[in-house]
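Chemist: Once you've had a glance at the structure underneath, I'll fire off some questions.
The values are calculated or read from the model by the stated rules, or taken from the named source; none is laboratory data. All values derive from a computational prediction rather than experimental measurement. Every residue, glycine among them, receives a Cβ derived from its backbone with ideal geometry; neighbour counts consider all protein chains shown.
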Amino acid sequence: LYLAGDAQYSDRQLFPLPNVLVVDSSAHQTGKSVNDLLAWLKPRDEFRHLVTVGLTGSTDPKAHDSLLSHGLAGVLSKGSSFPEFASAVADILARCVIQDAR
């Protein structure tokens, strides 16, 4: 509802679009996958610069590569301390800013 601007979230002055979206790659309770979300975001111009980061319990590089291949800007492993998490997000954002500048 929030990203779509539906219902009470339609006023973007009160409910602005995020710059970064962190999604849990195993969030199956919604019935949607990360791929579904990315497919919904991609054709919408208002999300062109949205940085989408996946959060996963896996430390397997192949699992991370699979998530990245679907269009995530980065992948973070669960279990990191908050400073490690914040640093990893900052690194991903810095990469995205550099890519946008090109």
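Chemist: Being in a loop (DSSP other than H, G, I, E, B), of a type outside the set (Phe, Trp, Tyr) and under 20 Å from Cys96 (Cβ atoms) is the requirement here; does Leu3 meet it? Steps first, please.
Modeler: Values: in a loop (DSSP other than H, G, I, E, B): yes; of a type outside the set (Phe, Trp, Tyr): yes; under 20 Å from Cys96 (Cβ atoms): yes.
For Leu3, the condition - in a loop (DSSP other than H, G, I, E, B), of a type outside the set (Phe, Trp, Tyr) and under 20 Å from Cys96 (Cβ atoms) - is met.
Chemist: Report, by residue number, each residue of segment 6-26 that is in a loop (DSSP other than H, G, I, E, B), free of Cβ contacts under 8 Å to residues at least 12 places away in the same chain and surrounded by 10 or more Cβ atoms within 10 Å (Cβ to Cβ).
Modeler: Of segment 6-26, the ones in a loop (DSSP other than H, G, I, E, B) are 6, 11-19, 25-26.
If we keep only those that are free of Cβ contacts under 8 Å to residues at least 12 places away in the same chain too, we end up with 6, 11-14, 16.
Once the filter is applied, which keeps residues that are in a loop (DSSP other than H, G, I, E, B), free of Cβ contacts under 8 Å to residues at least 12 places away in the same chain and surrounded by 10 or more Cβ atoms within 10 Å (Cβ to Cβ), segment 6-26 yields only Arg12.
Chemist: If Leu72 satisfies all but one of (1) modelled with pLDDT of 85 or more; (2) more than 17 Å from Cys96 (Cα to Cα); (3) out of contact with any helix residue (DSSP H, G or I) (no Cβ under 6 Å at 6 or more places or on another chain), what's the number of the condition it fails?
Modeler: (2)
Chemist: Does Val75 satisfy the condition of being buried (at least 16 other Cβ atoms within 10 Å of the Cβ) and under 18 Å from Leu17 (Cβ atoms)? Don't jump to the end; show me each part of the working.
Modeler: Values: buried (at least 16 other Cβ atoms within 10 Å of the Cβ): yes; under 18 Å from Leu17 (Cβ atoms): no.
So Val75 does not fit the description; no.
Chemist: Now a separate question. Restricting to segment 41-72, count the residues that are under 25 Å from Leu17 (Cβ atoms), surrounded by 15 or more Cβ atoms within 10 Å (Cβ to Cβ) and out of contact with any strand residue (DSSP E or B) (no Cβ under 8 Å at 6 or more places or on another chain).
Modeler: Selection size over segment 41-72: 2.
Chemist: Write out, first by first residue and then by second, each pair whose Cβ atoms fall under 6 Å of each other, whose residues are 6+ apart or on separate chains, and whose first residue, in segment 57-68, is part of a loop (DSSP other than H, G, I, E, B) while the second is surrounded by fewer than 16 Cβ atoms within 10 Å (Cβ to Cβ) and not hydrophobic (A, V, I, L, M, F, W, C).
Modeler: Qualifying pairs under 6 Å: Gly57/Lys78.
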